[in-house]
Structures are given as structure tokens and as C-alpha cells.
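First comes the structure, then the notes that go with it.
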Amino acid sequence: MLRAGCGAALGAGLRRGIGAGRRFSSGPVSGAKPGRRGWASAWQVGLKQTPLHDFHQQHGGKMVPFAGWSMPVQYTYSHLESHMHTRQHCSLFDVSHMLQTKVFGRDRVKFMESLVVGDIAELKPDQGTLSLFTNEKGGIIDDLIVTSTSEQHLYVVSNAGCSDKDLALMQTRAQELRAAGNDVHLEVWENALLALQGPSAVRVLQAGVSDDLAKLPFMSSAVMDVFGVPGCRVTRCGYTGEDGVEISLPAGRVVELAERLLDDPDVWLAGLAARDSLRLEAGLCLYGNDIDETTTPVEASLVWTLGKRRRAAMDFPGAAIIVPQIKEKPKCKRVGLMSTGPPIRQHTRILDLEGRTVGTVTSGCPSPCLQKNIAMGYIKSEHSKVDTVLTVEVRKKNYSALVSKMPFVPTRYYTIK
Amino acid sequence: MALRAVRALGANWAPLPALPALRRPRATPPSLRARSLGTSALLLAARKYTDKHEWISVENGIGTVGISNFAQEALGDVVYCSLPEVGTKLNKQDEFGALESVKAASELYSPLTGEVTEINTALADNPGLVNKSCYKDGWLIKMTVDSPSELDELMSEDAYEKYIKSIED
């Protein structure tokens, strides 16, 4: 089975953009400012705006449509500058477009486990994990972070581009469980969400919180006052491979907090462009490109997300297809690729040395850190060993590519030994 | 080059009538005033532009091709240049290569019909020249001009400035 080419690129979610203005304000994006060049953002009516929309424009953000939202792709610094600054100092991202949900009730863990592949019951208080919503065919509906808070609810963050289907999925299941006498209900959390990522992110944040952040390891979460904004949920996670946090806070205070964080000269704003090149260097999947409803967690090289207990119990959607693949090996696998020459991008054909098609690229870009091209793609399992030499076809010419380990750039998550 | 966002907005631009080579444009932009132009059409080295933001400057029958400042700004940092081989025959509007930024690739389209005589090998090690010096050190290819009348179909500096303004609004 070869991947025929996978889900849509960044613009896919635009179709979902015209919807019930569920979060923040919705409405026409303000018109193009004089002198703003080349970005088509202002023409789409009905794009949702985060509470930082005007703030982005005031700070020189170039707004583009993304998953139904008007989001900054970059600011006044170049993409490369922004990317490297995140690795050397820290960057502030607006990720308020993502869906934040709280799950309450005595049966919230049972509810969550009925939808995801992970061992949610085993999460310690305030511990989170990356997990996957799967369907009956074993495909991935979305990837998400579930945190078992010490405040009697699960905190779930999932992709903006999947928010309609994720909410429908969760609401339907919650209703079914309630009808069967279970105690579970959802609340969409209408908060803003900021990501502060990079080696100096925590130093910057520590100046504004009284909790000792050295005691907050990767994938743990806590509620604290941040620079005078009370009740912020701070989670030590992110999408760049660097140490850092995501901060969930009331929409009415996010501009104030963003400005306060920017007071530290080490902090620069960063947009979707840098977000994408950073996550690719870190080997992290982009839903819609690298994983979608046609890829199983095993094909996607995400076996680690399958809980040990869940594999044995086979009690998650698609388990009958997914679990056997662990032993029997899937026909194709997601791998990393590196090359020199022209960058390899989504939909690039991958060939073996005899010229036979063996796969397709799902994400790719030139790596600012490595100064080589990096990519992810699915290839036939027999060619998926690290250091296998393959060929990629770019603009009708062939170039050499090497199967590579991921992450491409070492990650620097903060763990406590 | 294929600046997709730009193209979507500028698709309905109608070509202005070509200015005869010897007549100065009425409102000479400051950038042109500083330059000394040969008045003979044969020696004309002033840039002409395509609606895809390439420029060509012809001197002694050889055209030098590059991308405009508007294009390099919209593209961002160029990290790789895909250029054709010397000897490649191009028809006007043929795709002849691409410029890659971190985020995307932009195809390049030939402004005229001709044969590639030289490519800028400095770009292999220094693709950023396209951003830093798009009209000089960041030139892309040189080519013969098989149909000089095709030059008349391209935009003058003035017309191109107007074209850019119409896209931005």
C-alpha cells in the first residue's frame, strides 16, 4: 500500500472557517493596509480572529488564512531569523486558534479512553501526554494533548483544523455515555493560548511566576499567576523541540501578557512559518500532512502513543487493525529523509535506486539549523531502514536522499532525573 | 515567478501599450533619474519586466534575467536556486527554474525566447544574493534574444511600478 498523497496542506481548514463563530470574535478580516505586500489574507471574509489579531498587525504580523483563522505567518524578522532566534533565545507564538476543552465528571477517564489510544488512567495528577483520536479503520482522527489535572477535569488541546470534527466526536460520545448512566460532560474553554519556546523561555517566565519552574518537568501542568494575570494554566510542552511552555489564560488578559513577555528583549514574536520549520526539525507530525484518517499510528511511527494496557485490552477504536500491525509490521512507514540540492516538499515522489516508486513526501523544508533539506514521508517498509539510500524526484530531475533518524535536530525537553 | 498570492490578485491586469524605446516616460522615478541610459535601442540596458516579476536587461544582444525587488521581498530568504543548463532553449513564458525559500518554491518563467548562455554560479554557494542584490549580483541567467520585438511586450520600469501598486491595493 502506497500513500497516494496525503491530506491537504495548510489551507485545508479554510472550508471550516465559515462556521458558528464559536470562539472569540468572528467577522471580516480588516482590509489590506497600504504598503502590505503579497499576502492574500485580507480577502477572505469569515476568518476567525484570536484576541491577539490587532496586536499581531500592530507588531508587523503578515496575516494569512490558516484552518479558518487569520493568523500571522511571520512578523518583521525573516523566517530564518525567527527560526534561529527560537533555537538560540525564545519566541512567543499565538496558538489561541487551537481547541481547548475541559472534560468533567466521575467517568471522564473512561470517556477519554473510549476515544484515544493512550493509558489515560495511569497519568499522574497534572501530567499530560500526546495522544491520538482513532477511528474504526485504525486511522488517526487528530493528535492532541490530554492532561489529567488535579482540579477534577481533563484538559485537552487539539488542532484548530480538526476542531469541528473533534468537538462532534467528543460531544456524541459524551451523550452516549450519559445516556448509559455515566457522569461526563464537556466544556469548550474559551481561553487564549500562548506558546513561549526556546532555551531562555523558562528564565523569562520565571521572572513573572512564584512557582519554581525547575519543579515543572516536560508534559506537566500547573495553575499559577503569570506577571499578575491570575489563574493561568502553564504546561511544559510545545511544538518546537525546545524547552518551553504553553500558557492558557483569559482572552481579556492575553494582549497584556504578550506585551509583558515582549518586554524581555530575548523574546521575539514568531508565526506559522517558523512554527512549521521548527516542528519539522524536531520530527513532529503536522496533522493533515504527516498523519490523517488514512494513516495508522503504527504506519506513522507513533507506536509509543499506544498505551501498554490498551494494547493488551484492545479497547480503543481501530485496535483490531492497529495492534496486529505492531508485530506484523505495516506495509509502509513514516520516515525522515535528508538530502542536498533542491528542497523536497509535500507530494514529492520517492524512488528506489532502480527507479521504482516506493513512497511520497508528506512534509519537507530546508532545515535552517542543518543547512540541508529535511522531510518526512511514507515509504514501503522494506526501504525504511535508517541510512537507506533513495532517490527523490524534484522538477523531473532525480536527487539522492537518505533515510534519517528523527528528530533531525536534537530536542531539549526539560526532564527531572 | 509564481507568487501565488500575488497572481490571484493581479490576474486581470491588462498590458499597457509599449513605450517606444527612445521616448522617456513622463514621470521618471528617482531610481531611473540617477542612471545614465543609452538612447540607442541597440544599447538599451534599462530593465523590462514580466507580470511574473522577472526582469530582463539586454546589452549587445544578450539579456540578463533576474527577479524584481518586489518578488524577492515577497519570497523571503532564498536558500536554493534551481537554474537551467547552459544551452537550454527557452520559449517566452517557459518555466526555466525555481527559487526556494524555507517555506515555498517559486517557479521562474522566461521573459523572452532565446538560449541560455550563462548561469550565475555564485548563487550555488550564496543564494542570498538574490535577496541582497536582485538587480546586480543576484542575476539568474543570461540568454540570447531571438525575437527582439518580444521586448516591446514587457513592462517598462514605470509600468511595472504601477502594476505592483495595483496588486498591493
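The values are calculated or read from the model by the stated rules, or taken from the named source; none is laboratory data. Note that the coordinates shown come from a computational prediction; the quantities given were computed from them, not determined experimentally. We place every Cβ from the backbone using ideal geometry, glycine too, and count neighbours over all the protein chains shown. All accessible areas refer to the heavy atoms of the entire protein, side chains included, with ligands and DNA or RNA removed. Shrake-Rupley method; radii C 1.70, N 1.55, O 1.52, S 1.80 Å.
Remarks
- Checking each residue in the range A:89-109 for being open to solvent by less than 20 Å² (accessible area, probe 1.4 Å) and part of a strand (DSSP E or B) picks out A:C90, A:S91, A:L92, A:F93, A:D94, A:L99, A:Q100, A:T101, A:V103.
- Among (1) in a strand (DSSP E or B); (2) touching a residue at least 40 places away in the same chain (Cβ under 8 Å); (3) in contact with a Lys or Arg (Cβ under 8 Å, 6 or more places away or on another chain), the one test that A:V361 misses: (2)
- On the stretch given as the range B:69-82, residues that are over 19 Å from A:L80 (Cβ atoms) and open to solvent by 30 Å² or more (accessible area, probe 1.4 Å) total 0.
- Residues within the range A:110-164 that are part of a strand (DSSP E or B) and either among the small types (G, A, S) or free of Cβ contacts under 8 Å to residues at least 24 places away in the same chain (or both), tallied: 4
- B:G114 being farther than 30 Å from A:V73 by Cβ, open to solvent by less than 10 Å² (accessible area, probe 1.4 Å), more than 14 Å from chain A (Cβ to nearest Cβ) and not polar (S, T, N, Q): yes
- Note on the range A:176-189: among residues that are charged (D, E, K, R) and in contact with a Lys or Arg (Cβ under 6 Å, 6 or more places away or on another chain), the one that is most open to solvent (accessible area, probe 1.4 Å) is A:E187.
- Residue list for the range A:346-358, filter: in contact with a helix residue (DSSP H, G or I) (Cβ under 9 Å, 6 or more places away or on another chain) and either within 12 Å of chain B (Cβ to nearest Cβ) or in a loop (DSSP other than H, G, I, E, B) (or both): A:D352
- Here A:I326 fulfils each of the conditions (1) closer than 11 Å to A:V117 by Cβ; (2) open to solvent by 20 Å² or more (accessible area, probe 1.4 Å) apart from (1).
- Residue match in the range A:96-105 (condition: over 25 Å from A:T305 (Cβ atoms) and of a type outside the set (D, E, K, R)): yes
- If you check A:P368, A:P330, A:P343 for being within 14 Å of chain B (Cβ to nearest Cβ), over 22 Å from the mean Cα position of the chain (by Cα) and either touching a residue at least 12 places away in the same chain (Cβ under 8 Å) or not in a helix (DSSP H, G or I) (or both), only one passes: A:P343.
- Taking the criterion of being away from chain B (no Cβ under 14 Å) and either open to solvent by less than 30 Å² (accessible area, probe 1.4 Å) or of a type in the set (F, W, Y) (or both), the residues of the range A:394-407 that qualify are A:A401, A:V403, A:S404.
- Failed condition for A:G252, given (1) over 20 Å from A:F55 (Cα atoms); (2) open to solvent by 10 Å² or more (accessible area, probe 1.4 Å); (3) of a type in the set (G, A, S): (1)
- Matching residues, the range A:350-363, being within 12 Å of A:A401 (Cα to Cα) and touching a Gly at 6+ places or on another chain (Cβ under 8 Å): A:I350, A:V361
- Selection within the range B:83-104: residues that are open to solvent by less than 20 Å² (accessible area, probe 1.4 Å) and assigned to a strand (DSSP E or B). The member of this set that is farthest from the other protein chains (Cβ to nearest Cβ) is B:L90.
- Hey, A:T294 of a type in the set (S, T, Y), modelled with pLDDT of 95 or more and open to solvent by less than 40 Å² (accessible area, probe 1.4 Å) or not: no
- Residue within the range A:156-171 that is open to solvent by 10 Å² or more (accessible area, probe 1.4 Å) and of a type in the set (S, T, Y) present: no
- Residue within the range A:384-393 that is open to solvent by 50 Å² or more (accessible area, probe 1.4 Å), within 14 Å of chain B (Cβ to nearest Cβ) and more than 21 Å from the chain's Cα centre (by Cα) present: yes
- Of the residues making up the range A:67-88, those that are of a type outside the set (D, E), within 11 Å of another protein chain (Cβ to nearest Cβ) and either in contact with a Phe, Trp or Tyr (Cβ under 9 Å, 6 or more places away or on another chain) or open to solvent by less than 40 Å² (accessible area, probe 1.4 Å) (or both) are A:V73, A:Q74, A:Y77, A:S78, A:H79, A:S82, A:H83.
- Restricting the range A:211-238 to residues that are in contact with a strand residue (DSSP E or B) (Cβ under 7 Å, 6 or more places away or on another chain) and assigned to a loop (DSSP other than H, G, I, E, B), the residue that is nearest to A:V95 (Cα to Cα): A:G238
- Selection within the range A:262-287 - assigned to a loop (DSSP other than H, G, I, E, B), in contact with a Leu (Cβ under 9 Å, 6 or more places away or on another chain) and either modelled with pLDDT under 95 or open to solvent by less than 10 Å² (accessible area, probe 1.4 Å) (or both): A:A270
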